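Novice: Below: one structure in structure tokens.
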Amino acid sequence: MSRTVSGAEARPTVLLTGASGVVGRSLLREPDGPRFVVATHSTPVPEAGDARSVRLDMTAERFGLCEDSYAALVAEVDVVIHSAGLTEWGLPAEDYRPINIEGTRRVAEFAERADATVHFISTAFVAALADTAPVPLGPDNVCRNYISSKREAERVLRDSGVRHTVFRPTNLIGDSTTGWTSQGQIVQLMSDWLSRGRAPFVPAHPGIRMDFVPQDLLSKAVLRAIELGDDAGEFWVTYGPEAMDLESCLRVLAEHAAGRGRSLKPPPVVNADELAPDAIENTAPRTRSYLSVLRDVSEVTRCSGGVLPTSMPELRERYGIPQVDDTTAYSKSLEYAAEHLG
């Protein structure tokens, strides 16, 4: 059974891994959160405030701590939010293993000893590797090794027997109200490139959805799960069938470009399965890289059924997640990135 506290001591103490990342810093910005112990490696976390910070090596036995320090941390922590991980796409499989897989194993060992619940931040892209996927994901897809590492990390948690939830967000964008984000990610980079008219065409599979979720919706869901004491469940933090289609996405980009004094004619959309073999290869290096990513992410969505699985109705009902229009949130995210992220 999990530890219980009451009265003035009702707030649990939460060990937050990956505190300096996009998800970690978003979690720390949420008001009225739990007591955080902020796990860091080397990067300062501006949002940590008065929260206690502890330097941990997530890949090492006892997180690299001596036995006494590890035991003290075990005694202090009630819950773990595990958001640490390597999220860059396109790396060799072995690069993901230390932090994404073995790091999760260390978290499970800690949680077992601490009798703590783990809330794990995975990815909605694992749907592309499900046995029920309508078509197999290509072996050279830029996302494949990353997705495989997250799927394996989920298996590590399941096999460990520790109490845990899994949150599977799609690509995250900025805060739903302000557009704020701690750093630019692939959505912001690709969107800026597209809004500048650099894409000669957009390779995509027919019918796919452009599923981007504001980061604060994920943060609110995880913190609400902790508040309610939930210690089981799998939640797809996506818009699913509500997500904008590609044409809507391109329209938002054109409006954003106009707001920055640029005229953008949306590029033609080309069926990714019908591309000429050299259509991407014969472009300039950056264009080739970005078009390849667009094609591969589209393939991930197609292999997930064209529309990502979603738990959004449940998250709204059980956790009180606000209903946010994705096109409006996307537009705010683009504006923030243009003004603050260069």
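The values are calculated or read from the model by the stated rules, or taken from the named source; none is laboratory data. Please read all numbers here as calculations on a predicted model, not as lab measurements. Reconstructed Cβ throughout: ideal geometry from the backbone, glycine too, with neighbour counts over all protein chains shown.
Novice: With the requirement that a residue be out of contact with any His (no Cβ under 8 Å at 6 or more places or on another chain), crowded, with 16+ Cβ neighbours inside 10 Å and of a type outside the set (Lys, Arg), what does the range 55-69 give you?
Specialist: Correct list: 59, 63, 65.
Novice: Sticking with this one: Is it true that some residue in the range 177-197 is of a type in the set (A, V, I, L, M), over 29 Å from residue 99 (Cα atoms), over 16 Å from the mean Cα position of the chain (by Cα) and in a loop (DSSP other than H, G, I, E, B)?
Specialist: no
Novice: Out of the range 236-264, which residues are hydroxyl-bearing (Ser, Thr, Tyr) and surrounded by 13 or more Cβ atoms within 10 Å (Cβ to Cβ)?
Specialist: Correct list: 238, 239, 248.
Novice: Can you name the residue in the range 175-191 that is under 16 Å from residue 257 (Cα atoms) and either modelled with pLDDT of 95 or more or of a type in the set (A, V, I, L, M, F, W, C) (or both) and is also surrounded by the fewest Cβ atoms within 10 Å (Cβ to Cβ) among such residues?
Specialist: Selected residue: 189.
Novice: Can you work out which of the residues in the range 130-164 that are among the basic types (Lys, Arg) and part of a helix (DSSP H, G or I) is farthest from the chain's Cα centre (by Cα)?
Specialist: Checked the range 130-164; the qualifying residue farthest from the chain's Cα centre (by Cα) is 158.
Novice: Tally the residues that are surrounded by fewer than 16 Cβ atoms within 10 Å (Cβ to Cβ), charged (D, E, K, R) and touching a residue at least 60 places away in the same chain (Cβ under 8 Å), restricting the search to the range 306-334.
Specialist: Within the range 306-334, residues that are surrounded by fewer than 16 Cβ atoms within 10 Å (Cβ to Cβ), charged (D, E, K, R) and touching a residue at least 60 places away in the same chain (Cβ under 8 Å) number 1.
Novice: Can you tell me which condition residue 324 does not meet? The list is (1) touching a strand residue (DSSP E or B) at 6+ places or on another chain (Cβ under 7 Å); (2) in a helix (DSSP H, G or I), and all the others hold.
Specialist: Every listed condition holds for residue 324 apart from (2).
Novice: Count, please, the residues in the range 265-294 that happen to be more than 29 Å from the chain's Cα centre (by Cα) and surrounded by 12 or more Cβ atoms within 10 Å (Cβ to Cβ).
Specialist: The total comes to 3.
Novice: Could you tell me whether any residue of the range 74-86 is surrounded by 15 or more Cβ atoms within 10 Å (Cβ to Cβ), modelled with pLDDT of 95 or more, more than 18 Å from residue 163 (Cα to Cα) and out of contact with any strand residue (DSSP E or B) (no Cβ under 8 Å at 6 or more places or on another chain)?
Specialist: Within the range 74-86 (the criterion being surrounded by 15 or more Cβ atoms within 10 Å (Cβ to Cβ), modelled with pLDDT of 95 or more, more than 18 Å from residue 163 (Cα to Cα) and out of contact with any strand residue (DSSP E or B) (no Cβ under 8 Å at 6 or more places or on another chain)), the answer is yes, since at least one residue qualifies.
Novice: Six or more apart or on different chains, Cβ atoms under 6 Å: show the pairs whose first residue is in the range 261-276 and under 13 Å from residue 251 (Cα atoms) and whose second is in a loop (DSSP other than H, G, I, E, B) and among the aromatic types (Phe, Trp, Tyr).
Specialist: 267/201; 268/201
Novice: Out of 230, 216, which single residue is within 30 Å of residue 11 (Cα to Cα) and part of a loop (DSSP other than H, G, I, E, B)?
Specialist: After ruling out the rest, the residue left standing is 230.
Novice: Can you name every residue in the range 154-174 that is free of Cβ contacts under 8 Å to residues at least 60 places away in the same chain and crowded, with 21+ Cβ neighbours inside 10 Å?
Specialist: Answer for the range 154-174, where residues must be free of Cβ contacts under 8 Å to residues at least 60 places away in the same chain and crowded, with 21+ Cβ neighbours inside 10 Å: 157, 162.
Novice: Filter the range 42-54 down to residues that are among the charged types (D, E, K, R), surrounded by 11 or more Cβ atoms within 10 Å (Cβ to Cβ) and over 20 Å from the mean Cα position of the chain (by Cα), then give me how many there are.
Specialist: Selection size over the range 42-54: 1.
Novice: Hey, residue 297 hits all of (1) without any contact (Cβ under 8 Å) to a residue 12 or more places away in the chain; (2) closer than 22 Å to residue 127 by Cα but one; which does it fall short on?
Specialist: Of everything listed in (1) without any contact (Cβ under 8 Å) to a residue 12 or more places away in the chain; (2) closer than 22 Å to residue 127 by Cα, residue 297 misses just condition (1).
Novice: When the residues of the range 60-91 are filtered to those that are in contact (Cβ under 8 Å) with a residue 40 or more places away in the chain and of a type in the set (Gly, Ala, Ser), which remaining residue is farthest from residue 111 (Cα to Cα)?
Specialist: 90
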